[in-house]
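Just below is one structure, and these are the notes that go with it.
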Amino acid sequence: MGRIAAVVLAAGEASRFGSPKQNLLLPRVLERLAQAPVDEVVVVEGAHRLEDASYKLLQGTGRIVSCDEWARGPGASLRCGLRALGSDVEAAVVILADGPRLPPTSVERLVAAWRQRGGIVAASYDGARGHPLVLGPGDWEDIPDEGLRAHPVTLVPCDDLGSPGDIDTPDDLL
């Protein structure tokens with residue numbers, strides 16, 4: 001088996017939040033991701049440079065890559081992250097930097113489901129598609145700028161684990 005990598009999307013402008021939410025939320029995401037079964041972490045930055053706290057959490061387990069195309073959409077950021085992965089990576093787990101309650105066990109569950117089914121596998125909450133998601137190298141090509149939202153996926157219920165959250169405004173932190 002190859003290695004499992006996490007691609008953390010932290011390139012957005014965070015305009016609804018009013019400040020670079022990545023710098024507030026990414027350390028929490030990385031702490032949780034450190035408990036997940038991944039061999040490598042690639043964080044994609046774009047609109048804002050990430051602060052030192054994120055770099056320190058990645059020591060020895062990952063790196064940050066800049067994506068000049070971030071404004072084109074989340075798919076552009078995902079493509080940047082996937083290009084940074086080595087040829088020995090079996091699958092990529094796509095994580096959002098604004099999901100600070102990421103359950104590490106959801107990554108394990110999704111990777112196991114991906115190994116059984118292949119294709120693109122996504123967590124679901126109350127039947128609705130969410131994050132994280134897992135995809136193999138065969139699905140890394142032709143990712144549109146708007147991301148994978150329109151691609152068919154196999155949903156894996158993760159309600160019992162809890163949602164990672166989706167922080168768009170400061171009120172979402174309450």
Charges only on Cβ, +1 for Lys and Arg, -1 for Asp and Glu: so what's the dipole of the chain about the Cα centre, in debye to the nearest 20?
-> 240 debye
Of every hundred units of 1.4 Å-probe accessible area on the chain, the number belonging to carbon and sulfur atoms, as a percent, is 48 percent
Per-residue accessible area, 1.4 Å probe, largest first, puts GLU40, GLU51 in the order GLU51, GLU40
Rounded to the nearest 10 Å², the 1.4 Å probe accessible area of TRP140 is 40 Å²
Computed accessible area, THR105, all protein chains, 1.4 angstrom probe, square angstrom | 70 Å²
Can you give the extra length, in nm with one decimal, that the chain gains between GLU13 and GLU31 once fully stretched, where that is 0.36 nm per residue apart less the Cα-Cα distance?
-> 4.2 nm
Per residue of the stretch 145-154, in order, report the coupling 6.51 cos²θ - 1.76 cosθ + 1.60 (Karplus, θ = phi - 60°) as ³J(HN,Hα) in whole Hz, putting x for Gly and Pro.
-> 4, 6, x, 9, 3, 8, 6, x, 9, 9
So in the chain, what percent of DSSP beta bridges are antiparallel if you round to the nearest 5?
-> 25 percent
Area accessible to solvent at ASP159, 1.4 Å probe radius, in Å² = 80 Å²
Heavy atoms only, probe 1.4 angstrom, no DNA, RNA or ligands counted: give me ARG79, ARG32 ranked by accessible area, highest first.
-> ARG32, ARG79
The chain - accessible surface per residue (Å², probe 1.4 Å) = 48 Å²
The list (1) 40, 35, 30; (2) 48, 36, 33; (3) 61, 35, 31 gives values of Cα extents along the principal axes in Å, and only one came from this structure; which label was calculated from it?
-> (1)
Sorting SER66, SER77 by accessible area (1.4 Å probe), largest first, what list results?
-> SER66, SER77
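The values are calculated or read from the model by the stated rules, or taken from the named source; none is laboratory data. Worth saying up front: this structure is predicted, and the values here are computed from it rather than measured. So basically every Cβ, Gly included, is an ideal-geometry build from the backbone, and we count neighbours across all protein chains shown. The area values use the complete protein model at the heavy-atom level, side chains included, leaving out ligands, DNA and RNA. Shrake-Rupley method; radii C 1.70, N 1.55, O 1.52, S 1.80 Å.
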